Amino acid sequence: MNYLESLNDVQKEAVLHIDGPLLILAGAGAGKTKTLTHRIAHLIHSGVFPEKILAVTFTNKAAAEMKERVQSILSDRKYDAIPHVSTFHSLGVYILKKLAGQHGLPKSFSILDDGQTTTILKDAMKESGLDPKEFDPRRIKNIISREKNLVRTHEDLRNNAGNPLEEMVVDVWERYERKKKEENAYDFDDLLSLPVALMEGNPEIREMFQNKWDYVHIDEYQDTNEAQYRLATILSSRTRNICVVGDIDQTIYTWRGANIKNILSFESDYSDAKTVILEENYR
C-alpha cells in the first residue's frame, strides 16, 4: 500500500472508508482530487472490480485528469478494465446509448450543439406564431433549460405556468420536442433529464444501471443541479456506496441550476454518512 504513504491522516481516513456514504469537504488546494483518485485506486486494490466503480465530474479536463491519476496509481498492476470516469453529460450519453432502440428511444441519435438547438427553437417559435426578432429565443431556451434541469416536461409547465411568458413557452416547447424527435436528436439538457426520467419511471431501467455500479463518486457536488442530484441518488441507492466531494464556499454553476442545498443536505439524506474535512492547504 505504498500509494497511501503520500496522504496525510485526514486524506487517508477518507481513502480507507470503503462502504457506506462518504462526504468529503475540501477547499481549494486541500488535495480533494488526490484523495478521490486514491480512494478509487484503494477500492480496486481492495478487490473491487474496476468496472463496478463510477466517478463523475463536470468537465472533460477534470475527467481525463482523474482517469490518468487513477491509472498512474494502479500502474504496478495490470487490470482488464478501468473505472467509468466521465462528465455528467457523457454519462447521460452512455445511458441513452445503452437504451437505444428500446423504450421508445431511437436506435441512433445525434446531439445538438447550441447553434442547432437555437435553429430548431426558432422554427418552433415561428410555427407558434412568434417572431424570433420580437421574442428573444434565448429567454425561451433558458426557461426550457431550467425546467429540464428540474426534470420537468412541457406538460408540467402547462399545468404550473406562473406567467404569460411561461404559458407561451409551452406551445413552443411542445413543437420543439416534436421537431427534435423527427430528427432523432437530443439537446444538451436531455442528456441529464431524460436518463433520470427513464430510470424514475421504469424499474427495469433503474435496476439495470443500479446493478452496473457498486460505488459512485461525485466530484464538485456543490455544483450539482436537481437532475444531477437525482441521477446520483438513483445510481447509488442500491448499495448506498456514494462518495461526494465538494466545497460549500464555491459554487460556480448557479446559472445552470446548481443547488448548494444538495451538499448541505447530504448528512440528512444519509444519516449514517461519514464526513471528512480536508483543511490542510498544499498551494
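The values are calculated or read from the model by the stated rules, or taken from the named source; none is laboratory data. What you see is a predicted model; the values in this text were computed from it and never measured. Glycine gets a Cβ as well: all are built from the backbone with ideal geometry, and neighbour counts include every protein chain shown. Calculation scope for accessible area: heavy atoms of the full protein, side chains included, ligands and nucleic acids excluded. Shrake-Rupley method; radii C 1.70, N 1.55, O 1.52, S 1.80 Å.
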**Request:** Among Ile140, Leu105, Ile82, flag the residue with its Cα farthest along the positive direction of the charge dipole of the stretch 59-177, charges on Cβ as +1 for Lys/Arg and -1 for Asp/Glu.
**Result:** Ile82
**Message:** Given the options Val172, Ala62, Ile218, identify the residue whose Cα lies farthest towards the positive end of the charge dipole of the chain (+1 on Cβ of Lys, Arg; -1 on Cβ of Asp, Glu).
**Reply:** Ala62
**Prompt:** Given the Cα-Cα distance of Asp272 and Thr118 and 0.36 nm per residue of separation, how much length would full extension add, in nm?
**Reply:** 50.9 nm
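Taking the Cα centre of the chain as origin, work out the dipole magnitude from +1 charges on Lys and Arg Cβ and -1 charges on Asp and Glu Cβ, in debye rounded to 20. Provide the component values of the computation, followed by the final result.
Working: 37 positive and 44 negative charges, 119 e Å.
Computed about the Cα centre, the dipole is about 580 debye.
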**Asked** Of Thr37, Tyr94, Val244, which is farthest on the positive side of the dipole of the chain, counting Cα position, with +1 on Lys and Arg Cβ, -1 on Asp and Glu Cβ, and the Cα centre as origin?
**Response** Tyr94
**the chain - percent of accessible surface contributed by carbon and sulfur, probe 1.4 Å** = 47
**Item:** Alpha carbon centroid spacing (whole Å) that separates the stretch 76-124 from the stretch 149-193
**Value:** 19
**Item:** Approximate spin-label separation Ala64-Phe49, in nm, with each point projected 7 Å along Cα-to-Cβ
**Value:** 3.0
**Prompt:** Using modelled amide H (1.01 Å from N, peptide plane; none on Pro or chain starts), what sits under 5 Å from the amide H of Ala55, excluding residues fewer than 5 places away?
**Reply:** His84, Val85, Ser86, His217
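Could you do me a favour and compute the accessible area per residue for the chain, 1.4 Å probe, result in Å²?
Numbers: 13970 Å² over 283 residues.
Result: 49 Å² of accessible area for each residue.
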**Asked** With charges only on Cβ, +1 for K and R and -1 for D and E, what is the dipole size of the stretch 75-234 about its Cα centre, in debye, rounded to 20?
**Response** 360
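Extension gain Ile18-Ala81, at 0.36 nm per residue separation less the Cα-Cα distance, in nm?
Details: separation 63, 0.36 × 63 = 22.68 nm, distance 1.98 nm.
Length gained between Ile18 and Ala81: 20.7 nm.
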**Complete:** With Cα coordinates, the longest principal axis of the chain makes an angle with the long axis of helix 32-45, in degrees rounded to 10, of 70
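Which shape class, rounded, prolate or oblate, goes with the stretch 192-267 when its Cα gyration tensor gives a ≥ b ≥ c as root eigenvalues, a/c under 1.5 marks rounded, and past that a/b bigger than b/c marks prolate? Don't skip to the end; give the middle numbers.
Values: a/c = 2.78, a/b = 1.57, b/c = 1.77.
It comes out oblate by the Cα gyration axes.
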**Prompt:** Loop-only check: which GluC sites (Glu not before Pro) in the stretch 50-107 are DSSP coil with at most 14 other Cβ within 10 angstrom?
**Reply:** none
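Write out the trypsin sites (Lys or Arg not before Pro) in the stretch 58-101 meeting two conditions: DSSP loop, and at most 12 other Cβ atoms within 10 Å of their Cβ.
Hits after loop and neighbour filter: Arg77, Lys78.
Of Lys52/Lys141; Lys32/Lys141; Lys180/Lys212; Lys52/Lys78; Lys32/Lys148; Lys52/Lys274, which sit over 25 Å apart, Cα to Cα?
Working: Lys52/Lys141 37 Å; Lys32/Lys141 35 Å; Lys180/Lys212 30 Å; Lys52/Lys78 16 Å; Lys32/Lys148 30 Å; Lys52/Lys274 21 Å.
Over 25 Å Cα-Cα: Lys52/Lys141; Lys32/Lys141; Lys180/Lys212; Lys32/Lys148.
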